[in-house]
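**Student:** This structure is in structure tokens; I'll ask about it shortly.
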Amino acid sequence: MPVLGFNITKIEVEKELAGIPQGQVEVRVTPRVDDVRLGEIMTPNGKVNGVEIVFSFEVTYSPTIGRGLVRGMVLYLPPQRERVDEIIDLWENEKKIDSMAFAEVVNFLMVELSPVLMVVAKEMRLPYHVALPRVEVRGENQ
């Protein structure tokens, strides 16, 4: 697994309206990379260098009924360890992140952060940021 660990440094959710408006509410999740730097983790086999990716994960609603923000960092270890320097150099030179690393980190964050955000949204009576399956009743002939 390319993500060896993660750390949440901030969770902030704010409800801006007293109630949920009638009609369609659009929820947008925006993951962002704020910084990329060399990171390390101690394992039973010794110290392992990887890429520390500082992230922000923002949830916005339209119409504006609230917002959420999670900040933290993940330690990413690319499948080819020699790519650590390439990923860091790309960030330092162009402020871009490798697309494979970004996809793996965002997928990891969706799995790890979704349950936390769903609990908070439920407690604050805000719509969930992901759609839940729904049962539809069909006519008997269908």
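The values are calculated or read from the model by the stated rules, or taken from the named source; none is laboratory data. For clarity, every value in this text was computed on a predicted model and none was experimentally measured. Reconstructed Cβ throughout: ideal geometry from the backbone, glycine too, with neighbour counts over all protein chains shown.
**Student:** Is region 97-108 home to any residue that is of a type in the set (Val, Ile, Thr) and in contact with a Ser or Thr (Cβ under 9 Å, 6 or more places away or on another chain)?
**Tutor:** No, region 97-108 has no match at all.
Let's see how each residue does on (1) closer than 26 Å to ILE11 by Cα; (2) in contact (Cβ under 8 Å) with a residue 40 or more places away in the chain; (3) of a type in the set (Lys, Arg); (4) surrounded by 16 or more Cβ atoms within 10 Å (Cβ to Cβ):
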site: LYS47; (1), (2), (3), (4): no, no, yes, no
site: TYR76; (1), (2), (3), (4): yes, yes, no, yes
site: ASN93; (1), (2), (3), (4): no, no, no, no
site: GLU136; (1), (2), (3), (4): no, no, no, no
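**Student:** I need the full set of residues from region 98-130 which are in a helix (DSSP H, G or I), more than 16 Å from VAL27 (Cα to Cα) and of a type in the set (D, E, K, R), in order please.
**Tutor:** GLU104, GLU112, GLU123
**Student:** Checking the conditions here, which among VAL106, VAL130 is touching a helix residue (DSSP H, G or I) at 6+ places or on another chain (Cβ under 8 Å) and either surrounded by fewer than 17 Cβ atoms within 10 Å (Cβ to Cβ) or within 24 Å of ILE8 (Cβ to Cβ) (or both)?
**Tutor:** Going through VAL106, VAL130 in turn, just one is touching a helix residue (DSSP H, G or I) at 6+ places or on another chain (Cβ under 8 Å) and either surrounded by fewer than 17 Cβ atoms within 10 Å (Cβ to Cβ) or within 24 Å of ILE8 (Cβ to Cβ) (or both): VAL130.
**Student:** If a residue must be β-branched (Val, Ile, Thr) and assigned to a loop (DSSP other than H, G, I, E, B), how many such residues does region 41-96 contain?
**Tutor:** So the count comes out to 2.
**Student:** Considering only region 78-89, state which residues are out of contact with any Leu (no Cβ under 8 Å at 6 or more places or on another chain) and either more than 19 Å from ASP34 (Cα to Cα) or crowded, with 16+ Cβ neighbours inside 10 Å (or both).
**Tutor:** PRO78, PRO79, GLN80, ARG81, GLU82, ARG83, ILE87
**Student:** Cβ-Cβ below 8 Å, separation at least six or inter-chain, first residue in region 6-30 and under 14 Å from TYR128 (Cβ atoms), second among the hydroxyl-bearing types (Ser, Thr, Tyr) and surrounded by 11 or more Cβ atoms within 10 Å (Cβ to Cβ): which pairs?
**Tutor:** That search, which allows pairs on different chains as well, returns VAL25/TYR61; GLU26/TYR61; VAL27/THR60; VAL27/TYR61; VAL27/TYR128; ARG28/THR60; ARG28/TYR61.
**Student:** Condition test on THR30, is it outside any strand (DSSP E or B), of a type in the set (Val, Ile, Thr) and surrounded by fewer than 16 Cβ atoms within 10 Å (Cβ to Cβ)?
**Tutor:** For THR30, the condition - outside any strand (DSSP E or B), of a type in the set (Val, Ile, Thr) and surrounded by fewer than 16 Cβ atoms within 10 Å (Cβ to Cβ) - is not met.
**Student:** So is MET100 within 21 Å of LEU132 (Cα to Cα) and surrounded by 12 or more Cβ atoms within 10 Å (Cβ to Cβ) or not?
**Tutor:** Answer is no for this residue.
**Student:** Separate question: Any residue that is modelled with pLDDT under 95 and at positive phi - is there at least one of those in region 119-127?
**Tutor:** Yes, region 119-127 contains at least one residue that is modelled with pLDDT under 95 and at positive phi.
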